[in-house]
1. If Lys and Arg each add +1 and Asp and Glu each add -1, what is the summed charge of the other residues whose beta carbon sits under 12 Å from the beta carbon of P293?
2. So between K286 and V268, what do we pick up on full extension, going 0.36 nm a residue minus the alpha carbon distance?
3. Over the range 111-267, calculate the relative contact order: mean separation of alpha carbon pairs under 8 Å at least 6 apart, over the residue count, as a percent.
4. State, to one decimal in nm, how far the label point of D314 lies from the label point of Q169, with both points 7 Å from Cα in the Cβ direction.
5. Provide Rg over Rh for the range 255-324; use the alpha carbon set for both Rg and the Kirkwood Rh (inverse mean inverse pair distance).
6. Rounded if a/c is under 1.5, else prolate if a/b beats b/c, else oblate: with a ≥ b ≥ c from the C-alpha gyration tensor eigenvalues square-rooted, which is the chain?
7. Does the range 74-132 come out rounded, prolate or oblate, given a ≥ b ≥ c as the square roots of the eigenvalues of its C-alpha gyration tensor, rounded meaning a/c under 1.5 and, failing that, prolate meaning a/b above b/c?
8. With a Förster radius of 30 Å, plug the Cβ-Cβ distance of N143 and K230 into 1/(1 + (r/R0)^6) and report the FRET value to the nearest 0.05.
Amino acid sequence: MKILVTGGAGFIGSNFVHYVYRERPDWQITVYDKLTYAGNKANIAGLDASRVAFVQADICDEKAINQAVADCDAVVHFAAETHNDNSLHEAWPFVNTNLIGTYQILEAVRLNKKRLHHISTDEVYGDLELDDPAKFTPETPYNPSSPYSSTKAGSDLLVRAWGRSFGVQATISNCSNNYGPYQHVEKFIPRQVTEILEGRKPKLYGSGQNVRDWIYTEDHSSGVLTILEKGKIGETYLIGAEGEKNNKEVVEMILELMGKDPADYDHVNDRPGHDLRYAIDASKLKSELGWQPKYTDFRQGLTDTIEWYKQNTDWWKPQKAETEAKYKELGR
Ligand code: NAD
Ligand code: TDX
């Protein structure tokens, strides 16, 4: 088996590469990544070059993606612009990569008759009220809020249409908020941990009542591998680990685990259009494909993640000042 992993030098993509490298020792992996500000070759350093190849290219580059797809058995498509705050500031890279890039991948898998697994997000479903007993299911209507989530929703719809109209052999997964090693410091948990490590206070948007459904990234990887191997073509699976927490609780837990006063954080400007709550019902993936998350102790996962950022300052320091300068411009 030879897989092409787009966005394999980013946070979730690189964790997936490490996972497959370990779990499927006879597979060949090609990482295809443009290395935007969010991509880092160091994320996949130390892997045997006879098993893991790297191509630096853009998924919007028709010729390059076609060549790479022709040379593999299956594509796992992680590459995307992924940060909501950036999408509110400048939407074009999101429209370009998430929509046009996914279109180019669909055309390449159609021409070369390859299997595709498309990675998406729970944000395509919009948000839930805090007291809503319902969670997102594969039947929930799409209702995205931000330029980021609307372009991810559009990419999912392209995949569905290419499946129905052209017989492209594709599956889709929509996962909840990931955390773990190699996550860019622009995202919520790494931002707070590294703010504390640099001697500043965590920054909570608005009241902090917004709920995210946290999953340790290795559980996302095992879900994706399960769908790639056992998923039914044309189906959508939701991946989540029943990890609902509001942002205030998470900030307080980070402070406590780092030996600080849990009340010692700043309230900053809220994100415009800020989704209130996400929650995933992953029962289809569990009952039909037998998947189960392993890392469901959030406190332990957070402890390990904090430790990783403490041990890997060389990895995150180069991104930190520029990221905070961008936030300063946005008043967040
Ligand atoms: P990330 O921003 O950390 O990494 C994205 C990667 O894609 C980077 O390596 C970047 O260089 C690459 N990339 C961006 N544009 C590209 C292009 N035009 N051509 C080639 N490569 C390009 O993202 P992430 O958080 O790891 O997310 C990966 C995927 O998972 C995305 O599709 C995202 O929508 C989805 N997802 C993320 C989460 C989450 O919590 N982070 C949750 C659910 C789904
Ligand atoms: O400094 C912050 N303070 C804060 O309160 C930051 C950066 C965020 N937040 C809040 C906003 C959200 O409610 O924390 C929550 C999580 O924020 P992000 O890490 O930006 O994630 P989110 O917007 O929920 O989207 C994430 O999950 C779904 C990923 O970035 C997406 O790529 C994924 O699709």
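1. Overall, the nearby charge balance is -3.
2. 2.6 nm
3. Relative contact order, the range 111-267: 26 percent.
4. Those two pseudo-labels are separated by 4.3 nm.
5. Dividing the radius of gyration by the Kirkwood radius yields 1.07.
6. Taking the square roots of the gyration eigenvalues as a ≥ b ≥ c, the chain is prolate.
7. Oblate, since a/c reaches 1.5 and b/c is not below a/b.
8. 0.55
The values are calculated or read from the model by the stated rules, or taken from the named source; none is laboratory data. Computed from a predicted model, the values in this text were never measured in an experiment. With ideal geometry, Cβ positions are generated from the backbone for all residues, glycine too; neighbour counts draw on all protein chains shown. When the accessible area is computed, the model is the full protein with side chains, heavy atoms only, and any ligands, DNA or RNA have been set aside. Shrake-Rupley method; radii C 1.70, N 1.55, O 1.52, S 1.80 Å.
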